[in-house]
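Presented below is the structure to which this report refers.
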Amino acid sequence: MLEAIRRAISLLRQKQILQKLGVVVSIAVIAIACYVLYHMLRGIDSNQVIEAIKGTEPRQIWLAALFVAAGYFTLTFYDWFAVRAIGHREIPYHVNALAAFTSYSIGHNVGASVFTGGAVRYRIYSAWGLNAIDVAKICFLAGLTFWLGNAAVLGLGIAYHPEAAASIDQLPPWLNRVAAFAIIVGLVGYVVWVWTQPRGVGRGPWTVTLPGGPLTLLQIAIGIIDLGFCALAMYVLVPDEPNLGFIVVAVIFVSATLLGFASHSPGGLGVFDAAMLVGLWQMDREDLLAGMLLFRVLYYIAPFIISVILLTLREVILGMRQKRLRRMAPGPDAAPEREAAYVRKRGDSGA
């Protein structure tokens, strides 16, 4: 059975069917989102949205910012876990934190996070001797942590409150609950699968050894905590009335986030917003839109600015160090020391 699945996937890759299907899905999701947004935003009074933003209590904004910061802090453990899973324990946590924070915040805003985030990670990790294959493995394992966390949150959340997902997918609650139990069973099956014996995906040097059962549970826990903090930030910013409860908002938030990722648009722009407006239809649209705009500032724009500043400072510092090394070289024929070797000898990240 597994061999048949592998052959089918291999055939789809050779024919580039998966890539074409992904493009079609992205275009379809964006098109539907634009249609929904057009109808949802008709009649929106921009002045009321601005007033709602101004009327948001500073305590709410600071609390949401705290949850966003906690979410990004948890997100740094995606890279910390992935780097150690591929056997590079010599790389310190602060390098993992810099790579994770900058790659995700830039990838979220620029779009096509697999490529943009991967490029940022490569620039940072290559200074520690990691090659493109190592970085690809890190991206894969970090993404796996994210998706396992999403599966756990969605499965448990929808099983507990299937009506929350029904507002987005328009399916009957009982069918959503069946789908939720299927997600949970699949997640449990995956944990058992990697627990019984070592598993790997890929071929040749691209082979990635999947984390075993206990480490997979750690992956799921990291993903759940990250998404939980992000959902809390949104929950603080959405209107208080009607009070739908945190579980409902969390399920809709995670569903909207996944749709945004499926579209590959920068920050899920348009798709995430349409899903939130549809899912939380009970709330005042102007107030909800104000909360969503504040969330974008806190979760997307502010981290993006900080990441650009951090990466710029890092490049300036590295450039100054390389110039100093060239001046210290014994003669004109001496080759300048490579950045990676210098960083490893110094024992820091060059950040």
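The values are calculated or read from the model by the stated rules, or taken from the named source; none is laboratory data. Being a predicted model, the structure only gives us computed values, none of them experimental. Positions of Cβ are backbone-derived with ideal geometry, glycine not excepted, and every protein chain shown enters the neighbour counts.
Numbers for the structure displayed
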| item | result |
| --- | --- |
| In the range 59-91, the residues that are farther than 14 Å from Ile224 by Cα and of a type in the set (Gly, Ala, Ser) | Ala64, Ala65, Ala69, Ala82, Ala85, Gly87 |
| Where a residue in the range 294-318 is within 13 Å of Tyr72 (Cα to Cα) and its partner, wherever it lies, is among the acidic types (Asp, Glu) and surrounded by fewer than 17 Cβ atoms within 10 Å (Cβ to Cβ), with Cβ under 8 Å and at least six apart | none |
| Flag for Ala182 being surrounded by fewer than 16 Cβ atoms within 10 Å (Cβ to Cβ), at pLDDT 90 or above and small (Gly, Ala, Ser) | yes |
| Evaluation of Ala221 against (1) crowded, with 18+ Cβ neighbours inside 10 Å; (2) small (Gly, Ala, Ser); (3) within 30 Å of Asn131 (Cα to Cα) (one fails), failing number | (1) |
| Members of the range 77-95 found to be under 10 Å from Ala142 (Cβ atoms) and not small (Gly, Ala, Ser), listed by number | Phe77, Tyr78, Asp79, Trp80, Phe81, Val83 |
| Failed item in (1) buried (at least 22 other Cβ atoms within 10 Å of the Cβ); (2) not in a helix (DSSP H, G or I), with Gly87 passing the rest | (1) |
| Pairs where the first residue, in the range 239-255, is at pLDDT below 85 and the second is β-branched (Val, Ile, Thr) and part of a loop (DSSP other than H, G, I, E, B), C-beta under 9 Å, 6+ apart | Leu244/Val238 |
| Residue in the range 57-73 that is more than 22 Å from the chain's Cα centre (by Cα), of a type in the set (Lys, Arg), part of a loop (DSSP other than H, G, I, E, B) and modelled with pLDDT of 55 or more present | no |
